[in-house]
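Let me begin by presenting the structure, written as structure tokens, before commenting on it.
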């Protein structure tokens, strides 16, 4: 049912945990399945220098959160904004159709954390 990569990111999640004083942060949820994801980012020179996630949900939700943090780390904000639910699922060698909504949450959380960072920059600038 799940690919080896999904199982690897679920059993050994990367970048999980809290972040002190993030530059941007967002939480998204899916009321249908109950999954909730929170992503926090640190930004240096327009690049995501650090990223952390906390996820309450199924194995696919944890795996997509882990994968999106791996994919976004080190990228410019513009590059990170190009990550989509489809690219996250493809990087995990696919998800069962019933679990595709989980990868939507990971990309959405990342995009909203970047948006939060940009809004904070406007207020400070």
Segment 3-58, relative contact order [Cα under 8 Å, separation at least 6], %: 32 percent
Choice from 30, 21, 85 with maximal GNM fluctuation in the chain (Cα, 10 Å cutoff): 21
On Cα atoms only, tilt of 100-124 relative to the major axis of the chain in degrees: 0 degrees
Compactness relative to 2.2 N^0.38 Å, alpha carbon Rg of segment 82-125: 1.47
Sorted by Cβ neighbour density within 10 Å, fewest at the top, the residues 32, 11, 84, 55: 32, 11, 84, 55
Sum of -39500 (n - 2.57) over DSSP H runs of 4+, divided by residues of the chain (222 nm, nearest 500): -14500 deg cm²/dmol
Kirkwood Rh in Å, taken over the chain so that all alpha-carbon pairs contribute: 14.1 Å
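Please report 23, 18, 45, 35 as a ranked list, fewest other C-beta atoms within 10 angstrom at the top and most at the bottom. List each step's numbers first, then the result.
Details: 23 20, 18 10, 45 6, 35 24.
Ranking 23, 18, 45, 35 by Cβ neighbours within 10 Å, fewest first, gives 45, 18, 23, 35.
With the contact rule set at Cα under 8 Å and sequence spacing of 6 or more, what percent relative contact order holds for the chain?
Working: 237 pairs, mean separation 38.6, N = 125.
Dividing the mean separation by the residue count of the chain yields 31 percent.
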Top of 44, 90, 20 by mean-square fluctuation, Gaussian network on the chain, Cα under 10 Å: 20
Inter-site label distance for residue 14 and residue 87 at 7 Å from Cα along Cβ, in nm: 1.5 nm
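Where a number appears in this text, it was derived from the coordinates with a stated rule and is not lab data. Since the structure is predicted, the reported quantities are computational estimates derived from the model, not experimental observations. Here Cβ is always computed from backbone atoms with ideal geometry, including for glycine, and neighbour counts include all displayed protein chains.
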